[in-house]
Amino acid sequence: MTALSHRLATEADIPAIAALMERAIDALQHGFLSPDEIAASRLSMGLDTQLIADRTYFLVEQEGQLAGCGGWSYRATLYGGNAGAAPRDARTLDSTTEPGRIRAMYTDPGFVRRGIGRLILALCEDAARTAGFARVELMATLSGEPLYRAAGYQEIERVARMADRGTPVPGVRMGKDLA
C-alpha cells in the first residue's frame, strides 16, 4: 500500500470534499440508520467552510486521491455543515475551560479500514493540543462511534437531532482528554 499524505484543505478542495462526503453518507451509514434517517442526516451533516478558512481542516490523500477529511475547531459549533439544520455558534472557545471540537470527519468508502480515520483524529488532536486545549468533544454518527470508542472517546450523551423533515437522527456526543 502506498503511503498516505496529509495537508490542510483550501477553498479549491471544496468540490472534492463535498463529493467525498456524499459518497460517505450514501455508503457508510447503511446498517446504522434507516433510509429516512440517512436522508434527514444530510440536513445536519456536511462541510463547514469556516474550518477551511480557520486552517483547521485536514485532507488525507493516497497517490493524489482524496481518501478522507476531517478537522477540529476552536469555535463553539459542535457539528453541522454550512447549509445544515445544526445549531451554529462561531464564538471562539476558551481553551483553558472549554473543549475543542472534532468536526466533519469522513472517509471515502473505497478507503475504509486503512487507518484514515485514526490519522485524521491524531492530526486534529495534536493541533488542538498545540492550541492549548486539554480536551476535545465531537458529535458521532452511529457509524463513526466504533472508531471514536477505539480511539479513547467516551460517551457523554446520546441525542436525537431533529432535522427539518421531522425525522430524528441519532447521534452520540463524545469526549476525550488530550493529556
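Checked against the criterion of being more than 30 Å from Thr2 (Cα to Cα), without any contact (Cβ under 8 Å) to a residue 60 or more places away in the chain, touching a strand residue (DSSP E or B) at 6+ places or on another chain (Cβ under 7 Å) and among the hydroxyl-bearing types (Ser, Thr, Tyr), segment 78-92 contains one or more residues that satisfy it.
Give Tyr106, Tyr74 a once-over and let me know the one that is at pLDDT below 95 and touching a strand residue (DSSP E or B) at 6+ places or on another chain (Cβ under 8 Å). Spell out the reasoning first.
Details: Tyr74 fails: at pLDDT below 95.
Exactly one of Tyr106, Tyr74 is at pLDDT below 95 and touching a strand residue (DSSP E or B) at 6+ places or on another chain (Cβ under 8 Å), namely Tyr106.
The condition of being closer than 20 Å to Leu123 by Cβ, surrounded by 12 or more Cβ atoms within 10 Å (Cβ to Cβ), free of Cβ contacts under 8 Å to residues at least 24 places away in the same chain and of a type outside the set (A, V, I, L, M, F, W, C) holds for only one of Asp13, Asp48, Asp54, that being Asp54. In segment 16-45, the residue that is farthest from Ser143 (Cα to Cα) out of those that are more than 17 Å from the chain's Cα centre (by Cα) and surrounded by fewer than 14 Cβ atoms within 10 Å (Cβ to Cβ) is Pro35.
Could you grab me the full set of residues in segment 164-177 that are in a loop (DSSP other than H, G, I, E, B) and either touching an Asp or Glu at 6+ places or on another chain (Cβ under 6 Å) or basic (Lys, Arg) (or both)?
Taking segment 164-177 as the starting set, the residues that turn out to be in a loop (DSSP other than H, G, I, E, B) are 164-167.
Within segment 164-177, Arg165, Thr167 meet the criteria.
Just to be sure before I move on: is Ala134 touching a Ser or Thr at 6+ places or on another chain (Cβ under 9 Å), more than 18 Å from Tyr57 (Cα to Cα) and at pLDDT 90 or above in the structure I sent?
Values: touching a Ser or Thr at 6+ places or on another chain (Cβ under 9 Å): yes; more than 18 Å from Tyr57 (Cα to Cα): yes; at pLDDT 90 or above: yes.
The answer is yes for Ala134.
If you go through segment 138-163 and keep only what is of a type in the set (Gly, Ala, Ser), in contact with a Leu (Cβ under 9 Å, 6 or more places away or on another chain) and in a helix (DSSP H, G or I), you end up with nothing. A Cβ distance below 8 Å, combined with a sequence gap of six or more or placement on separate chains, defines the contacts here; from segment 134-159, residues that are acidic (Asp, Glu) reach residues that are surrounded by 21 or more Cβ atoms within 10 Å (Cβ to Cβ) in the pairs Glu137/Gly100; Glu137/Arg101; Glu137/Ile102; Glu137/Met174; Glu145/Met174; Glu155/Met174.
Being touching a helix residue (DSSP H, G or I) at 6+ places or on another chain (Cβ under 9 Å) and on the phi > 0 side of the Ramachandran plot: is that true of Gly80 here? First the steps, then the outcome.
Values: touching a helix residue (DSSP H, G or I) at 6+ places or on another chain (Cβ under 9 Å): no; on the phi > 0 side of the Ramachandran plot: yes.
No.
Take the conditions (1) touching a Lys or Arg at 6+ places or on another chain (Cβ under 6 Å); (2) part of a helix (DSSP H, G or I); Ala12 misses just one of them, which is (1).
The values are calculated or read from the model by the stated rules, or taken from the named source; none is laboratory data. Remember, predicted model here, so these are calculated numbers, not experimental data. So basically every Cβ, Gly included, is an ideal-geometry build from the backbone, and we count neighbours across all protein chains shown.
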